Amino acid sequence: MLSDKMLSALNEQIKEELFSEYLYLSMSAWCDANDLPGMASFLKLKSEEERAHAMKFYNYILDRDGKITLLAIDKPQSEFNSFLDIFENQLKHEQKITGTIHKLYALSVEEKDYATQVMLQWFIEEQVEEEKEAKDIIQQCKKIGDNESALFLLDDRLGSQAPNTEEN
Ligand code: OFO
């Protein structure tokens, strides 16, 4: 059985993950509106991954006989200065999420909730990868500067990582 404190923190994390879904969809829409279809597809895929993260927490709460309480999701930022600004914001956001995951882990240790500690291991590793990916993209964006051909290539490469989900 989850403690009240743990349950409430896990429900809070569902909101954080759903906000991430919303934020990356907003970033994807900005890229679409600014002729960056590859980055738009990549960020849409990131958005879908966040939904899956939210559902991992959701299903875990149900598996532990906890009560799901969905919380209000804030309006995400919709204006960005550039594609570099997008990925810098993404990294900042992922660093914030890493902090929330670490706090959850600290709470699970405090509560002696061993099952939650095991479940959170996946998220701890995932955050290392997510931050690294965002940092690598920022480095590439910085190298591009005003070079349109290099931007085309990066957009194309990021787009090729995302399956075509247009029909869905
Ligand atoms: Fe992008 O991270 Fe969820 O957890």
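The values are calculated or read from the model by the stated rules, or taken from the named source; none is laboratory data. Note that the structure is a prediction, hence the values are computed from the model and not measured. We place every Cβ from the backbone using ideal geometry, glycine too, and count neighbours over all the protein chains shown. Each accessible area value is taken on the protein alone, full model and side chains, heavy atoms only, with ligands, DNA and RNA left out. Shrake-Rupley method; radii C 1.70, N 1.55, O 1.52, S 1.80 Å.
Numbers at a glance
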quantity: Average accessible area per residue (Å²) across the chain - probe 1.4 Å, nucleic acids and ligands excluded; calculated: 56 Å²
quantity: Residue 48 paired with residue 121, simple spin-label distance in nm, labels 7 Å along Cα-to-beta-carbon; calculated: 2.9 nm
quantity: Residue-averaged 222 nm ellipticity for the chain, from DSSP H runs of 4+ at -39500 (n - 2.57), nearest 500; calculated: -27500 deg cm²/dmol
quantity: Residues in the stretch 147-163 that a label on residue 81 would reach, taking backbone N under 20 Å of a point 7 Å out along Cα→Cβ; calculated: 147-148, 151
quantity: Ordering of 60-71, 139-150 by burial proxy (mean other Cβ atoms within 10 Å per residue, highest first); calculated: 60-71, 139-150
quantity: Percentage, to the nearest whole number, of Cα pairs in the stretch 92-168 over 14 Å apart; calculated: 72 percent
quantity: For the chain, Kirkwood radius (reciprocal of mean inverse C-alpha pair distance, Å); calculated: 17.0 Å
quantity: The stretch 56-112-the stretch 1-16 distance, computed between alpha-carbon centres (Å); calculated: 12 Å
quantity: Of all accessible heavy-atom area on the chain, the percent that carbon and sulfur account for (1.4 Å); calculated: 53 percent
quantity: Model label zone, residue 73; criterion: amide N under 18 Å from point 7 Å along Cα-to-beta-carbon; scope the stretch 3-19; calculated: 10-19
quantity: Gaussian network model of the chain, Cα within-10 Å springs - most flexible of 125, 12, 94; calculated: 125
quantity: Neighbour net charge for residue 104 - beta-carbon separation under 15 angstrom, K R +1, D E -1; calculated: -2
quantity: In degrees, nearest ten, helix 83-110 long axis to first principal axis of the chain (Cα); calculated: 10 degrees
quantity: Residue-count net charge about residue 113 - beta-carbon cut-off 15 Å; Lys, Arg +1, Asp, Glu -1; calculated: -1
quantity: Net lengthening on full extension, residue 64/residue 1 (0.36 nm per residue, minus Cα-Cα); calculated: 22.1 nm
quantity: Cα-Cα over 21 Å, subset of 46/67; 15/44; 112/132; 75/103; calculated: 46/67; 112/132; 75/103
quantity: Contour minus Cα-Cα distance for residue 32 and residue 140 (0.36 nm per residue); calculated: 36.9 nm
